[in-house]
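Peer 1: Before I ask anything, let me first share the structure, which is written out below as structure tokens.
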Amino acid sequence: MALQLPAAFKERMKSLLQKNYEQFIASYDHNPHGGIRVNTLKISVEDMLARSPWQLTPIPWCPTGFYTEVGERPGKHPYYHAGLYYIQEPSAMAPVEMLDVQPGDRVLDLCAAPGGKSTQIAAKLKNEGLLISNDLNPERTKALAKNLELYGVRCGIVLQEHPERIAGQFPFFFDKILVDAPCSGEGMFRKDEDMVRQWTDASPAKYAAMQRDILASAAKMLKPGGRMVYSTCTFSPEENEAIIAEFLTNHRHFHVEVPTRSELFAKGETIHCKHAEDNRMISDDIWEQVEHTARLWPHLIEGEGHFLAVLQHDGSEDGLKALQISAESPSDGNRLYGKNKSKADRGKKGKAPSKAAAAEQGPAALSAYEEFIKSHLSFTPGGYTVVYGQHIYQSPLPSTALDGLKVVRPGWYMGDAKNGRFVPAHPLATALHPQEFCRVLHLSSDSGEAVRYLKGETLNVESDRIICFEGTAAKGYILVCIDECSAGFGKWQDGLLKNEYPAGWRWT
């Protein structure tokens with residue numbers, strides 16, 4: 001076995017698994033499984049299977065997930081850059097499937113970076129409802145925002161905030177909450193050797209303290225009758241079953257539900273932690289519930305190690321009133337001027353513009369933006385138009401709902417107003433479908449043009465290749481699509497397509 005596992009970890013696993021330990025340890029001699037999850041916001045599973053250049057095998061617990069063969073590189077294909085799928089470890093697809101997200105739900109992904117589970121939630125929402133994706137790490141929230149934008153999410157908000165502060169803003173607000181908690185990462189040892197190097201015998205206890213607090217904050221934000229899924233990628237009972245047992249003891253209005261497709265997974269390991277000194281005050285009825293949690297063992301499934309628990313609220317309000325955010329449209333046509341500055345939009349010194357500057361920019365920005373929407377799109381975007389300085393977003397919430405929180409993205413980033421004109425942003429393009437924009441250019445993934453576009457090159461394009469709305473001239477902004485799926489903008493004039501694909505996103 002090339003991977004050198006910590007001796008303390010092996011002793012822990014031997015104590016936990018006993019007769020199954022040898023089978024477990026032998027799994028580290030096998031290659032980790034690769035997978036992709038189809039982004040149904042852009043393409044159907046059937047169309048992706050018909051177009052896929054690779055052999056794809058279904059992942060049994062995720063209807064949009066597929067195993068890829070060893071050696072395949074789906075990140076080196078135009079489809080990846082067009083956001084047609086997310087490259088994701090197969091076991092990591094299970095928690096969102098258990099959350100039972102429905103279009104129109106209000107969903108919170110509390111520990112969301114880099115965004116795999118958030119994009120999975122967004123696809124289930126079908127861009128109807130609300131998704132707030134949060135992470136505390138500033139660098140990781142950049143990746144989170146980019147992934148949501150790449151995958152065409154229109155109803156998403158990205159925060160960089162402590163869970164307790166979000167709970168203060170949104171008590172009893174969400175229909176569904178995912179807590180994919182930070183953990184000691186034992187389940188990822190086979191896939192990521194850095195996790196092995198960072199692990200110590202004290203890691204489970206350190207992370208358990210964080211998980212306990214995060215889960216308690218999440219409970220304050222769930223509507224009566226709502227559902228939470230708690231998940232980790234570790235084997236440690238202290239971070240898994242013991243956390244759930246303690247939570248149920250302190251939150252009697254929750255119970256554990258048997259996850260869907262439970263026959264695919266092993267039950268929770270209660271015997272090991274039931275007799276631990278710290279858990280002796282937990283009742284037998286709680287441990288019976290904890291057995292309904294699920295473990296994904298790498299020696300029993302084709303995937304890495306995971307744990308998940310489906311926590312269902314019984315519907316009572318426990319004497320507390322839910323926060324009501326008005327769904328009525330503001331009298332000013334849904335126009336709200338942001339009081340808090342998006343972190344992504346701060347200037348070089350990290351400061352928000354003055355209120356006077358924002359107020360001055362607002363009307364001019366909206367006028368240019370509204371003219372662009374009217375002349376370029378076949379629909380009027382829903383939600384609230386929110387202006388931060390020169391930046392314009394369509395948000396599923398009014399900006400006042402986010403006051404006091406650290407906001408990375410307040411909604412769907414539409415573009416910037418500059419010198420009295422509107423410049424569309426890349427995330428506007430990636431969330432559009434070809435029939436929704438006034439000018440479209442289709443590129444084939446089999447041609448060199450698609451890769452050249454993704455590299456930022458200027459293309460020679462004859463005017464008869466541009467599909468326009470009736471009465472619209474070819475000159476102007478073009479929605480560039482790869483195999484009929486949006487990839488970004490270009491600007492066409494006199495046979496040349498000026499490339500608007502962002503430098504930081506380009507194929508390298």
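Peer 1: Can you tell me which residues in the range 78-117 are over 10 Å from the mean Cα position of the chain (by Cα) and among the acidic types (D, E)?
Peer 2: Scanning the range 78-117 gives E89, E97, D100, D105.
Peer 1: Here's something else I'd like to know. Could you go through the range 389-403 and let me know if any residue there is within 24 Å of Q169 (Cβ to Cβ), modelled with pLDDT of 95 or more, open to solvent by 20 Å² or more (accessible area, probe 1.4 Å) and in a strand (DSSP E or B).
Peer 2: The answer is no, given that none of the residues of the range 389-403 is within 24 Å of Q169 (Cβ to Cβ), modelled with pLDDT of 95 or more, open to solvent by 20 Å² or more (accessible area, probe 1.4 Å) and in a strand (DSSP E or B).
Peer 1: Can you name every residue in the range 440-471 that is under 26 Å from K126 (Cβ atoms) and open to solvent by 10 Å² or more (accessible area, probe 1.4 Å)?
Peer 2: Once the filter is applied, which keeps residues that are under 26 Å from K126 (Cβ atoms) and open to solvent by 10 Å² or more (accessible area, probe 1.4 Å), the range 440-471 yields H442, S445, I467, F469.
Peer 1: Can you give me the ranges of the strands (runs of 3 or more DSSP E) entirely in the range 70-145 with at least 1 residues that are open to solvent by less than 10 Å² (accessible area, probe 1.4 Å) and closer than 28 Å to A167 by Cβ?
Peer 2: Because the criterion is at least 1 residues that are open to solvent by less than 10 Å² (accessible area, probe 1.4 Å) and closer than 28 Å to A167 by Cβ, the strands (runs of 3 or more DSSP E) in the range 70-145 that meet it are 106-109, 130-134.
Peer 1: Continuing with this model, one more query. Being farther than 26 Å from Q394 by Cα, open to solvent by less than 10 Å² (accessible area, probe 1.4 Å) and assigned to a strand (DSSP E or B) is true for just one of L497, L479. Which residue is that?
Peer 2: Of L497, L479, the one residue that is farther than 26 Å from Q394 by Cα, open to solvent by less than 10 Å² (accessible area, probe 1.4 Å) and assigned to a strand (DSSP E or B) is L497.
Peer 1: Among the residues of the range 50-69, is there at least one that is under 28 Å from W297 (Cα atoms), in contact with a Gly (Cβ under 7 Å, 6 or more places away or on another chain) and among the hydrophobic types (A, V, I, L, M, F, W, C)?
Peer 2: yes
Peer 1: Take the range 436-476 and flag every residue that is over 24 Å from L377 (Cα atoms), under 28 Å from the mean Cα position of the chain (by Cα) and not in a loop (DSSP other than H, G, I, E, B).
Peer 2: Selection gives V451 alone.
Peer 1: In this structure, does T232 turn out to be open to solvent by less than 60 Å² (accessible area, probe 1.4 Å) and of a type in the set (S, T, Y)? Quick ask: steps written out before the conclusion?
Peer 2: Numbers: open to solvent by less than 60 Å² (accessible area, probe 1.4 Å): yes; of a type in the set (S, T, Y): yes.
Here the answer is yes, as T232 does meet what is asked.
Peer 1: Shifting gears a bit: Counting just the residues of the range 301-310 that are over 14 Å from G268 (Cα atoms) and touching a Phe, Trp or Tyr at 6+ places or on another chain (Cβ under 8 Å), which one comes out surrounded by the fewest Cβ atoms within 10 Å (Cβ to Cβ)?
Peer 2: The extreme case among them is E302.
Peer 1: Read through the list (1) surrounded by fewer than 16 Cβ atoms within 10 Å (Cβ to Cβ); (2) in contact with a Gly (Cβ under 9 Å, 6 or more places away or on another chain), then give the number of the only condition that S283 fails.
Peer 2: Only one criterion is unmet by S283, namely (2).
The values are calculated or read from the model by the stated rules, or taken from the named source; none is laboratory data. Bear in mind the structure is a predicted one, so any value in this text is a computation, not a measurement. Cβ: placed from backbone, ideal geometry, glycine included. Neighbour counts: every protein chain shown. In case anyone asks, the SASA skips ligands and DNA or RNA and just uses the protein heavy atoms, side chains included. Shrake-Rupley method; radii C 1.70, N 1.55, O 1.52, S 1.80 Å.
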